[in-house]
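Only one structure is covered here, and it is reproduced in the block below.
Laboratory data are not the source of any read-out in this text; all were calculated from the coordinates shown. Quick caveat: nothing in here was measured; it's all calculated off a predicted structure. Cβ atoms come from the backbone with ideal geometry, glycine included; neighbour counts cover every protein chain shown.
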Amino acid sequence: MQAHITLFYASLLGILFIYLSYIVVTFRRRERVDIGMGETQGMSRSVRAQGNFAEYVPLALILMLALENMQAPGMLVHVVGSLLLAGRILHAMGFPRKIGPSFGRVWGTALTWGAIVIASLAGIYYTVIAGLLLAFN
């Protein structure tokens, strides 16, 4: 029986998302900004860090869950989840610190994209190639 690997990573990522959201709320209260990003660079950077997370993570988790449902090897799902989690942590750490590229943003983005590419290619394999192999047996 396959473990619920995606749930584990989704749970950790959920906590990270709440942390990013807390930072945005803190800026909103301090800067008295109800809607939008306000005037400060820190506020807009925090909003974008949270938004970037919300843009990438759902697709990656859907791909992970689909792989798990296709009974892909657990190690593959762990690799995707680990890359995604590490990428999102690095990105979150690097985004608000510096204007322009930073180690955290660059490597966080690269790891996140890597997780999505690996999961996407594996998904193509499990739906097309493995399906063709089963059709000929």
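Below is a table of values for the structure above.
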| quantity | calculated |
| --- | --- |
| Length released on extending from residue 125 to residue 59, taking residue separation times 0.36 nm less the Cα-Cα span | 22.0 nm |
| Length added when fully stretched, residue 82-residue 7, from 0.36 nm per residue minus Cα-Cα | 25.7 nm |
| Cβ crowding within 10 Å averaged over residues, with 81-93, 119-131 ranked highest first | 81-93, 119-131 |
| Ranked by how many other beta carbons lie within 10 Å on average, peptides 108-116, 6-14, 24-32 from highest | 108-116, 6-14, 24-32 |
